[in-house]
Each structure stands twice: as structure tokens, then as C-alpha cells.
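Report on the structure given below.
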Amino acid sequence: MKNCPNCKSEVEDNFNLCWNCNYSFSENKVVEFEDVDEKQSVKAIDCLRCKVPLAFSGNFKFHEGTRYGIFGNVFEAFTNRESFDLYICPKCGKVEFFSPEI
């Protein structure tokens, strides 16, 4: 564990960003995440590998479970559904999932 020099929070050794105040250990400053488009809440996020801006690919919905014959719609009520914003690095192809803001 290491301590953040900005807010003094404990951060895992393998993390490069403080979870509490967004302090970047590699850049030695607090990183600000700004909204690019207020309507879709698209974030301006850089790829951790290439340092190029990630491209917003859209919001994707996933669910766990299968449909069971004629009772498929009834069992859909018991499945877990999640929605994520998908970002892709145009240079290396890395994919990032983020939970959308409510």
C-alpha cells in the first residue's frame, strides 16, 4: 500500500490513480475528467497504454440468464441486467467499460 500525497488515502501499489481524489502517481497531479457532451455524458478519457483519447462506442446492455421456452418472459424478471458505456482505444484496441451516470 502507498499513500496519496494529495489526500493521504491508502492506495493499492498496482493502482496509478488515487480512488479518492484522482491524483495520478505517474503525472504527479490531480487528473480532471471532463464531460465532452452533456447529453450523453461522454467522458474524455485517455488510454492507459497509448495515452490517446478513447473513442465512445455507445451504451451496451447485458443480462445474465437464458430464456426457457414459453416461460421465457416470466423468467426474465429474475435475471440480472446491467448497462455499461463502452470506450475503445483507436490505437491499441483496448476496451474499457464504465457504469453510466444516473
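The values are calculated or read from the model by the stated rules, or taken from the named source; none is laboratory data. Keep in mind that what you see is a predicted model, and the values were worked out from it rather than measured. Cβ sites come from the backbone with ideal geometry, for glycine too, and all protein chains shown count toward neighbours.
Figure legend. Inter-residue proximity from region 40-57: first residues not assigned by TED's automatic domain parsing to the domain that holds residue 27 and surrounded by 13 or more Cβ atoms within 10 Å (Cβ to Cβ), second residues aliphatic (A, V, I, L, M) and at pLDDT below 85, beta-carbon distance below 7 Å, spacing 6+ or different chains. Indicated pairs: 42/36; 43/36; 44/36; 53/44; 56/42. Can you name every residue in region 38-69 that is modelled with pLDDT under 85 and part of a loop (DSSP other than H, G, I, E, B)? If the condition is that a residue be modelled with pLDDT under 85 and part of a loop (DSSP other than H, G, I, E, B), then 38, 39, 40, 41, 44, 64, 65, 66, 67, 68 are the ones that fit. Anything in region 13-25 that is over 18 Å from the mean Cα position of the chain (by Cα) and either charged (D, E, K, R) or modelled with pLDDT under 85 (or both)? List them, or say none. Result: 13, single match. Within region 2-26, residues that are without any contact (Cβ under 8 Å) to a residue 24 or more places away in the chain sit with their Cβ atoms under 9 Å from residues that are among the β-branched types (Val, Ile, Thr) and in a loop (DSSP other than H, G, I, E, B), at 6+ positions apart or across chains, in these pairs: 17/31; 22/31; 23/31; 24/31.
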